[in-house]
Every structure is written in structure tokens, then in C-alpha cells.
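Here's the structure, in C-alpha cells; my notes come after.
The values are calculated or read from the model by the stated rules, or taken from the named source; none is laboratory data. Since the model is a prediction, treat every value here as computed from it, not as a measurement. Cβ: placed from backbone, ideal geometry, glycine included. Neighbour counts: every protein chain shown.
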Amino acid sequence: MSQTTSSPAYGITIITLVIGLSVGLGYYQMFYLPEQSAKPEVDEHILHPTFVTDINIIPGSALETQQDNFVPKLVNLQLGVDNHVIWTNSDEVAHTVTPDTPTEDSFSGIFGSTGVILPGKTYEFVFTEDNEIDYHCIPHPWMTGKIIITKQRF
Ligand SMILES: [Cu+2]
């Protein structure tokens, strides 16, 4: 007889296969997949840089006639040094920090304030990748700023 379908060994093989597959699948779903979709590993120095960079939304920023609004307007950041940015709204009007084109940091997520930054409130973001971002304020599009993030130069 060449057919072994009825032999108990065949059944055991099937069971072993099924168990093996389930264990493999379980591992894939519980350990492999979450690890794949988890946030990338980012250097501690980049997550907690030496300095915080402050950008002030100065009083009167809502006025189109006023040249200064985001101060400083152009900011050069170095990863691991000063890539943690805090915008403070010192104006009496609500403003936004909105990138000209949608920008996402693979660790910190989507860049830009969700909704408005109320007077006296802040918006902060930790940049973890080199990038060049032009941003503006939605209610006052003449308010613009630029962030340039570079890797450490050593
Ligand atoms: Cu504004």
C-alpha cells in the first residue's frame, strides 16, 4: 500500500503542522507585526536635546501691517542640540502653526497645531529628522516662518 491516509502517523503530522502554523501565526501577530509598525528608534539626544528653541508669536502678529509675527522667523535647528521647538502665543488673538505642505515626522507624527493656539498658550514639537519646513498661520496667511533641521555636523 502506498497510500498512508488512514495511518495514525499521518494524522499526527497534520496536527503538528496545524499547531506549528498557529504558533507561527500567533508569533507573527503578537510580536513581529507590532514591532514592525512601532515608532522608529530615535537617539536619546534627539528626543531630549540640550536646548529648547523658543519661537514667540509677538503681540500684534494678527496685523497685516506688522512685519514681525513669528520671532525668529527663520530657525536653523540641529538634531540633538535644539530640535525641540515651543511656539508661544503672546498675542491677544488665536493663531495656528500650519505647514505649507503636509509634513510628518516619523517619530513625532504630523507637524502643525491642531486647531488654534489661544492667547497665552503654546504649541510644541520635537523634530527627529532633517527637513525644511515652511509654515504659516491659517487665519493670517501673511504670518510665515521657516524651520530648517539638519543633522549634527560631527
Ligand atoms: Cu495668526
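In the set (1) loosely packed, with under 13 Cβ neighbours inside 10 Å; (2) part of a helix (DSSP H, G or I), the condition left unmet by Ile46 is number (1).
Matching residues to (1) more than 12 Å from the chain's Cα centre (by Cα); (2) of a type in the set (A, V, I, L, M, F, W, C); (3) in the same structural domain as Phe70 (by TED's automatic domain parsing):
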| position | (1), (2), (3) |
| --- | --- |
| Ser108 | no, no, yes |
| Val126 | no, yes, yes |
| Ile133 | yes, yes, yes |
| Cys137 | yes, yes, yes |
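Within the stretch 80-106, residues that are closer than 13 Å to Met143 by Cα and assigned by TED's automatic domain parsing to the domain that holds Phe51 sit with their Cβ atoms under 6 Å from residues that are at pLDDT 95 or above and acidic (Asp, Glu), at 6+ positions apart or across chains, in these pairs: Asp100/Asp134. Out of the residues in the stretch 61-72 that are surrounded by 14 or more Cβ atoms within 10 Å (Cβ to Cβ) and touching a residue at least 24 places away in the same chain (Cβ under 8 Å), which is nearest to Tyr135 (Cα to Cα)? Ranking the candidates gives Phe70 first.
Select the strands (runs of 3 or more DSSP E) contained entirely in the stretch 68-154, then report the ones holding at least 2 residues which are hydroxyl-bearing (Ser, Thr, Tyr) and within 16 Å of the ligand (Cβ to nearest atom). Steps first, answer last, please.
Numbers: elements: 74-78, 84-89, 122-126, 131-136, 144-150.
It comes to 122-126.
Can you tell me which residue is nearest to Val52 (Cα to Cα) among those in the stretch 105-131 that are among the hydrophobic types (A, V, I, L, M, F, W, C) and surrounded by fewer than 16 Cβ atoms within 10 Å (Cβ to Cβ)? It comes out as Phe107. Out of everything in the stretch 53-97 that is among the hydroxyl-bearing types (Ser, Thr, Tyr) and either over 23 Å from the mean Cα position of the chain (by Cα) or closer than 28 Å to Asp43 by Cβ (or both), what residue ends up being modelled with the lowest pLDDT? Selected residue: Thr65.
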